[in-house]
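Contents: one structure, followed by commentary.
The values are calculated or read from the model by the stated rules, or taken from the named source; none is laboratory data. Keep in mind that what you see is a predicted model, and the values were worked out from it rather than measured. We place every Cβ from the backbone using ideal geometry, glycine too, and count neighbours over all the protein chains shown.
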Amino acid sequence: MKKTFVSISILLFTFIFSVGNIFGNYPISVGPYIGLKGGVNAADVPQGTYNGFAFASLPEMGVSSYFPFVEKSLFGGGLNLSYSTDGFLTELNNIKSTHQYNFFKLSPYLYASGFILGINIGIPLGGTDEAQNNETDIESDKFSTAIDIKIGGVITVFANETGRFNIVIEGSYSLSGILKDKYSNNEYNYHPGQMWVGLNYMFNVQKPVAEE
């Protein structure tokens, strides 16, 4: 799964680079985003268990901010705040279990000419495991604080003095296991690999630098 994640990332970066930048420098800005998310458990599983893909039960949704670091090039950073669901599937003895774990995530990131590199810090909010139409609630105290590394890209479709409309693509991999040690199966703790594609509108808080 890690190789697949890297391959997708390389293709994403190549695509964004080929699009290029046709807009000016971006000012301090803030705005909402929403997207479709899904993923897998990217960690090893016990013999006889299989990992599978599942869509998240709720869309990825939050608020993004951006702060330019320099005046004449697209380089900056920001902080995203989101309600995030990590969804994936496991299968054992032909019984499929769908896992949906919810977090409030703080996501500082660096931005350079359309590329994003950052981390997600997820505060657990609870979740569910569903198998054979039976759903079990998972209490937040069974979760560890999530630490993910994320990479992605922002394709600006339209920009003016008011703001800009973007297509966002992000992938993440959980460096920490989701479950606390006493609830996990030793080395078989869940490490979700997730990807989401969505829309974002950033409202300019100041006048764009290129137009001053």
| note | Reported set for region 91-129 where residues are part of a strand (DSSP E or B), surrounded by fewer than 20 Cβ atoms within 10 Å (Cβ to Cβ) and among the small types (G, A, S) is S97, A112, G126
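Does region 56-90 hold any residues that are of a type in the set (D, E) and at pLDDT 95 or above, and which are they? Give the derivation first.
Going residue by residue through region 56-90, those that are of a type in the set (D, E) are 60, 71, 86.
If the condition is that a residue be of a type in the set (D, E) and at pLDDT 95 or above, then E60, D86 are the ones that fit.
For (1) at pLDDT below 90; (2) farther than 21 Å from M61 by Cα, each residue gets a yes or a no:
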site	(1), (2)
I119	no, no
L125	no, no
D141	no, yes
I147	no, no
V157	no, no
T162	no, yes
E187	yes, yes
Q194	no, no
M202	no, no
| message | On the basis of being within 24 Å of Y190 (Cβ to Cβ), free of Cβ contacts under 8 Å to residues at least 40 places away in the same chain and either in contact with a helix residue (DSSP H, G or I) (Cβ under 8 Å, 6 or more places away or on another chain) or of a type in the set (S, T, Y) (or both), does S140 make the cut? | response | yes
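Of all residues in region 143-198, which are in a helix (DSSP H, G or I) and in contact with a Lys or Arg (Cβ under 6 Å, 6 or more places away or on another chain)?
Listed by number, the list holds a single entry, Y183.
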| Restricting the first residue to region 116-135 and requiring it to be within 23 Å of I95 (Cα to Cα), which pairs with a second residue that is small (G, A, S) and part of a strand (DSSP E or B) meet a Cβ separation below 7 Å and a spacing of at least six or different chains? | D129/S97; E130/S97; A131/S97
| Selection count where residues are surrounded by fewer than 18 Cβ atoms within 10 Å (Cβ to Cβ) and more than 21 Å from the chain's Cα centre (by Cα), scope region 130-158 | 12
